[in-house]
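Below is one structure, written out as structure tokens; comments come after it.
The values are calculated or read from the model by the stated rules, or taken from the named source; none is laboratory data. This structure is a prediction, so every number in the text was calculated from the model and none was measured. With ideal geometry, Cβ positions are generated from the backbone for all residues, glycine too; neighbour counts draw on all protein chains shown. Protein only, heavy atoms only, side chains kept; ligands, DNA and RNA dropped before computing areas. Shrake-Rupley method; radii C 1.70, N 1.55, O 1.52, S 1.80 Å.
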Amino acid sequence: MFKISGIQKKWPALVILGFLAIAGARVVWVFPSASNQGYAPEQPIPFSHKIMAGDFKIPCLYCHTGADKSRHAVVPAMNVCLNCHSVVKADSPFIQKLKQVYADGKALEWVRVHELPDFVYFSHERHVSKGVSCETCHGDVKTMERVVQVAPLTMGWCLDCHRGATTPPEVLARVFPRQKNPKGPVASTQCNTCHQ
Ligand code: HEC
Ligand code: HEC
Ligand code: HEC
Ligand code: HEC
Ligand code: HEC
């Protein structure tokens with residue numbers, strides 16, 4: 001005969017707690033936090049928006065030619081860089097690397113920063129044409145040495161603006177040009193707007 005000690009009486013409860021902890025951990029593991037907010041990967045060469053778009057004031061659309069007319073803003077091809085860098089800063093080791101990659105018939109493999117899951121439909125043109133600024137969704141890129149994802153890009157974040165809750169005043173004014181104090185929904189919140 002053995003006496004049931006305190007800990008032996010408690011062990012079923014401990015086992016259950018243990019299972020719950022593991023189950024909890026698995027739930028977190030199966031559904032990882034969907035937001036990449038704060039993501040700022042290193043790039044193949046240290047391309048600085050602070051220098052290009054900030055100090056030298058090259059317009060965003062000079063390089064991101066799709067942003068006002070198509071779904072994708074587009075990351076510029078290397079011949080866009082070489083418009084200037086065949087001459088500008090030709091002695092920089094980064095520019096030399098860029099030219100070498102180009103001469104080899106390859107392209108720099110920029111690491112994607114912002115990326116929605118495949119089941120979400122998004123179009124730059126629809127937003128930019130209604131006066132939603134790049135900064136509203138991407139932060140103050142012209143001050144960034146390295147691009148960082150500032151916005152959460154979660155469904156709630158999209159919906160808050162579509163509903164009118166976080167819509168910038170200049171966007172409300174553009175969507176409702178004839179209203180004095182425009183408010184309210186600026187875009188659809190129906191599921192198939194973004195999930196087609
Ligand atoms: C001289 C060309 C150039 C100009 C001007 C420029 N960009 Fe870029 N942009 C790039 C390149 C190249 C990349 C890819 C490398 C990187 O992420 O830094 C990029 C990346 C980005 C990204 C991240 C893309 C991703 O992978 O998610 C955003 C957002 C962005 N640019 C916004 C802007 C905004 C806003 C402006 C204007 C304030 C601007 N850019 C001006 C060349 C440019
Ligand atoms: C409209 C002209 C223009 C275009 C287009 C342009 N740049 Fe630049 N870039 C500049 C200028 C100006 C500087 C600053 C030169 C200086 O510091 O004197 C610069 C600096 C740089 C530097 C820093 C070099 C160093 O060693 O200090 C890098 C890297 C660079 N650019 C990469 C790129 C890439 C990649 C692209 C294409 C996506 C690009 N640039 C497109 C004008 C341009
Ligand atoms: C309403 C929010 C919003 C606005 C406004 C916006 N973007 Fe984006 N941007 C996004 C989202 C979301 C993604 C990721 C898209 C995806 O994964 O399909 C993205 C991706 C990008 C990329 C990566 C390449 C691509 O096309 O997917 C670049 C570059 C970029 N944006 C630049 C810009 C520039 C420049 C502007 C202003 C002219 C701008 N964006 C305005 C939300 C926005
Ligand atoms: C800062 C405000 C804002 C944010 C953030 C925003 N949107 Fe929008 N969205 C708008 C506005 C304004 C329109 C344009 C409505 C119009 O054309 O009248 C729009 C239109 C759209 C449309 C086209 C709607 C239609 O009826 O065809 C889609 C799709 C869309 N947004 C998806 C997204 C997704 C996905 C996100 C998040 C990743 C997002 N939006 C984030 C303001 C926003
Ligand atoms: C304005 C755009 C927009 C609308 C409208 C929208 N969604 Fe989403 N949805 C998104 C985005 C963006 C994501 C990706 C979010 C992420 O990765 O965090 C998403 C993700 C999801 C997911 C995946 C689970 C998750 O949280 O990652 C489900 C399920 C979903 N949406 C269902 C719906 C349903 C149901 C509706 C209608 C009631 C709806 N969505 C309306 C933009 C939208």
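Pairing each residue of region 118-144 that is away from ligand 1 (no atom under 12 Å from the Cβ) with any residue that is outside any helix (DSSP H, G or I) and open to solvent by less than 50 Å² (accessible area, probe 1.4 Å), provided the two are 6+ apart or on different chains, yields C-beta distances under 7 Å for 125/70. Considering only residues in region 65-83 that are near ligand 1 (Cβ under 8 Å from one of its atoms) and without any contact (Cβ under 8 Å) to a residue 40 or more places away in the chain, the one that is surrounded by the most Cβ atoms within 10 Å (Cβ to Cβ) turns out to be 81.
Tell me whether region 163-170 contains one or more residues that are within 11 Å of ligand 3 (Cβ to nearest atom), closer than 19 Å to residue 189 by Cβ and in a helix (DSSP H, G or I). Checked against the condition, which is being within 11 Å of ligand 3 (Cβ to nearest atom), closer than 19 Å to residue 189 by Cβ and in a helix (DSSP H, G or I), region 163-170 yields no hits at all. Looking across region 155-196, just one residue is more than 8 Å from ligand 4 (Cβ to nearest atom), open to solvent by 50 Å² or more (accessible area, probe 1.4 Å) and either on the phi > 0 side of the Ramachandran plot or of a type in the set (Val, Ile, Thr) (or both), and that is 189.
Within region 132-150, identify whether any single residue is more than 17 Å from the chain's Cα centre (by Cα) and loosely packed, with under 15 Cβ neighbours inside 10 Å, and answer yes or no. Looking through region 132-150, none of the residues is more than 17 Å from the chain's Cα centre (by Cα) and loosely packed, with under 15 Cβ neighbours inside 10 Å. Residue check: residue 53 meets all listed conditions (1) more than 19 Å from the chain's Cα centre (by Cα); (2) surrounded by 15 or more Cβ atoms within 10 Å (Cβ to Cβ) but one, namely (1).
In region 93-113, the qualifying residues are those that are within 12 Å of ligand 1 (Cβ to nearest atom) and open to solvent by less than 40 Å² (accessible area, probe 1.4 Å), and the one that is modelled with the lowest pLDDT is 108.
Among the residues of region 120-138, is any more than 12 Å from ligand 4 (Cβ to nearest atom) and not hydrophobic (A, V, I, L, M, F, W, C)? So that I can check it myself, show each step before the final result.
To start, the set of residues in region 120-138 that are more than 12 Å from ligand 4 (Cβ to nearest atom) comprises none.
Scanning region 120-138, I find no residue that is more than 12 Å from ligand 4 (Cβ to nearest atom) and not hydrophobic (A, V, I, L, M, F, W, C), so the answer is no.
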